[in-house]
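The values are calculated or read from the model by the stated rules, or taken from the named source; none is laboratory data. Everything numeric in this text was worked out from a predicted model, so none of it was measured. Here Cβ is always computed from backbone atoms with ideal geometry, including for glycine, and neighbour counts include all displayed protein chains.
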Amino acid sequence: MATHEPSFLVITGGPGSGKTTLIEHLAGRGYAHVPEAGRGIIQAQTAIDGPALPWRDRALFAEMMLGWELRSHAMAHRLAGPVLFDRGVPDVVGYLRLEGLPVPDHVMRAAGQVRYARQVFIAPPWPAIYRQDAERRQDGETARRTCEAMIQVYGELGYELIELPRSTVADRAAFIGAVIGPPG
């Protein structure tokens, strides 16, 4: 297994748990960040009526997410740390498992080799803020099961999970800042 990348911090969890809003808030405070693969792929594929949508071809969608995450990780080496990731390579494993699809060997190799900081932030399911939209079609139960899948995968891969409080964006940002320190 590869060495952890201490300045690469993942925020993961189920859809609609406030991850992206939190990362955008932290970016406004000067933290480097990389966007979520899933939403970006859905937006791009919808714009071109492409096949790599989770409601058309889940395996192809997962492959595209893997490619996005690998590129994001490589590009993040150019950024001053700490760098916040809106999900990471292990999320692809969690997605495939959640969907009952096989996890190809190359995806598991990527999850073992492409490493992030040992501590990973998990945004727990939060029904009070959960909303469906054009890209987020999952229901609340699927959001909960997604979070559980991420907890399992990251734990199996040797990460230490830190649960984010269900609180305001500012409180969550302060919580993360206390753990990771100021932006680079």
Worksheet, complete the sentence: Checked pairs for the stretch 44-64, first without any contact (Cβ under 8 Å) to a residue 40 or more places away in the chain, second surrounded by 17 or more Cβ atoms within 10 Å (Cβ to Cβ) and among the β-branched types (Val, Ile, Thr), C-beta under 6 Å and 6 or more apart or across chains, list as Met64/Ile41
Practice prompt. Go through (1) in contact with a Pro (Cβ under 7 Å, 6 or more places away or on another chain); (2) at pLDDT 95 or above one by one and return the number of the condition Arg166 breaks.
Written response: (2)
Discussion item. Whether any residue in the stretch 20-33 is of a type in the set (A, V, I, L, M, F, W, C), surrounded by fewer than 19 Cβ atoms within 10 Å (Cβ to Cβ) and free of Cβ contacts under 8 Å to residues at least 40 places away in the same chain is what I want to check.
Written reply: no
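Does Gly155 meet the test of being part of a helix (DSSP H, G or I), at pLDDT 90 or above and touching a strand residue (DSSP E or B) at 6+ places or on another chain (Cβ under 7 Å)?
Numbers: part of a helix (DSSP H, G or I): yes; at pLDDT 90 or above: yes; touching a strand residue (DSSP E or B) at 6+ places or on another chain (Cβ under 7 Å): yes.
Against the criterion (part of a helix (DSSP H, G or I), at pLDDT 90 or above and touching a strand residue (DSSP E or B) at 6+ places or on another chain (Cβ under 7 Å)), Gly155 qualifies.
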Practice prompt. All but one of (1) farther than 30 Å from Val179 by Cα; (2) modelled with pLDDT of 95 or more; (3) surrounded by fewer than 16 Cβ atoms within 10 Å (Cβ to Cβ) hold for Gln113, so report the exception by its number.
Written response: (1)
Practice prompt. Test Thr146 against the stated conditions and say whether it is surrounded by 19 or more Cβ atoms within 10 Å (Cβ to Cβ), among the β-branched types (Val, Ile, Thr) and modelled with pLDDT under 95.
Written response: yes
Response to the item:
Counted residues in the stretch 116-143 being modelled with pLDDT under 95, in contact with a strand residue (DSSP E or B) (Cβ under 6 Å, 6 or more places away or on another chain) and small (Gly, Ala, Ser) come to 1
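Hey, which of the helices (runs of 4 or more DSSP H) in the stretch 1-77, taking only ones fully inside, have at least 3 residues that are charged (D, E, K, R)?
On the way: elements: 19-28, 37-47, 58-76.
Fully inside the stretch 1-77 and qualifying: 58-76.
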